[in-house]
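Shown next, in structure tokens, is the structure this report addresses.
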Amino acid sequence: MKIVITGAGGFLGRKLSLALLGRQTPPAGFDHPLAELVGADLMPPPDLRDPRFHPVACDIGDGQAVRELVADADLVFHLAAIVSADAEADFDRGMRVNLDGTRNLLEALRAGGRRPRLVFASSVAVYGGNLPETITDTTHLTPQTSYGAQKAAGELLVNDYSRKGYIDGRSLRLPTIVVRAGEPNLAASTFASSIIREPLAGEEAVCPVTPDTAMYLLSPRRVIAAFLHAAGLPASAFGGWRSVVLPGLTVTVGEMVETLRRVAGDKVAARVRWEPEARIQAIVAGWPARFAPERGLSMGFAADTSFEEIVRAHIEDELGGRIA
Ligand SMILES: NC(=O)c1ccc[n+]([C@@H]2O[C@H](COP(=O)([O-])OP(=O)(O)OC[C@H]3O[C@@H](n4cnc5c(N)ncnc54)[C@H](O)[C@@H]3O)[C@@H](O)[C@H]2O)c1
């Protein structure tokens, strides 16, 4: 089988590529083993030194290039996007990549006529504004950012192209993924990773929100497992509505730093400096933090069991078990 990942050079795209190459069996519902994995991104993503992996430079905003990219794909993971603060700062670019790019991909898959399976990385940024205390599976989509609006629009399109039988799509609403490996990015949530990642690497980190700020989180390990699980579910598991909120963990930023202290000690936790910044505090306060993701749980998606599990997984996966 042939799998395509858009945004394969990004944080999750790279991890997903490695996970797919490491699997012995194809996702459920596919008869043939992985023969080709195309990793597409603006710049060709790094080669993963596996003969089945083909890095490709492709701009998702270019319809013709996208048609060539997915011509004979059996399964596509659509991760290419520009993130929240970036899409807010550059409206045209956000629309071009996050909305037009998604439409290009859907049109290309439709033109191919093979009804391939598509897993789309959406976000809980589809919720915003005056929200109920707990988000349920029937809470309306009320995005308050361009990024959230683009993800919500993408979900509706995935749903409609699936209803028409052009694709077999599924959209996952991702919580904030923590701990992000590598450098901080332009997302307003980037501090949630920095306050764990930097102290563990021996560096200081600034926390721009107060300790009582609650967030809805999922680890890289769990989100990659969710992508693979979503790809293997039968269409009937989704029925007429192709979106699902991924189960996550609600935790305050204060609890996050206390967990860091428990796992790595006082010296490491003291590397976090609390410097609340009104602008970031206001953005984060607008994000939903409490969810009852019954549909996702009933479909077999799973959250991390504790924030400690998330910190320990980061130390194991990214630091080779060593704390600075
Ligand atoms: N990481 C999170 O916390 C989080 C949370 C919710 C949703 N998501 C979604 O999950 C997906 C992956 O997230 P990530 O953290 O790996 O993001 P990332 O920014 O690390 O990766 C996104 C990739 O998309 C690529 N891209 C941007 N414009 C492109 C274009 N025009 N053509 C082709 N590729 C382009 C970028 O070069 C980048 O490598 C995104 O769609 C994101 O919106 C992520």
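No lab work stands behind these numbers, since they all come straight from the coordinates. Computed from a predicted structure; not experimentally measured. Glycine gets a Cβ as well: all are built from the backbone with ideal geometry, and neighbour counts include every protein chain shown.
Quick notes
- Normalised alpha carbon radius of gyration of segment 114-184 [divisor 2.2 N^0.38 Å]: 1.26
- DSSP-defined antiparallel bridges as percent of all bridges, the chain, nearest 5: 10 percent
- Nearest 10 degrees, 0 to 90: helix 101-112 Cα axis against the chain principal axis: 30 degrees
- 3J(HN,Hα) along segment 38-47, derived from phi through the Karplus expression 6.51 cos²θ - 1.76 cosθ + 1.60 where θ = phi - 60°, amounts to 9, x, 10, 6, 3, 9, x, x, x, 5 Hz, with x in place of Gly and Pro.
- CD proxy at 222 nm, helix term only [per DSSP H run n ≥ 4: -39500 (n - 2.57); per residue of the chain; nearest 500]: -11000 deg cm²/dmol
- Inter-label distance, Thr138 to Phe91: 3.5 nm, where each label sits 7 Å from its Cα along the C-beta direction.
- Spatially close Lys pairs in the chain, defined by Cα atoms under 26 Å apart and a spacing of eight or more places or different chains, total 5.
- With q set to 0.10, 0.12, 0.14 Å⁻¹, the log10 of I(q)/I(0) for the chain, from the Debye formula over equal scatterers at the Cα positions, is -0.55, -0.81, -1.11.
- Per-residue Karplus couplings for segment 121-133, computed as 6.51 cos²θ - 1.76 cosθ + 1.60 with θ equal to phi - 60°, are listed in order as 7, 9, 8, 6, 5, 5, 9, x, x, 7, 9, x, 4 Hz, Gly and Pro entered as x.
- Relative contact order for the chain, counting Cα pairs under 8 Å that sit 6 or more residues apart, in percent: 17 percent
- Segment 231-284: C-alpha gyration tensor shape, a/c 1.5 cut-off, then a/b vs b/c: oblate
- When the chain is treated as a Gaussian network with alpha carbon springs shorter than 10 Å, the biggest mean-square fluctuation among Gly22, Gly39, Gly101 belongs to Gly22.
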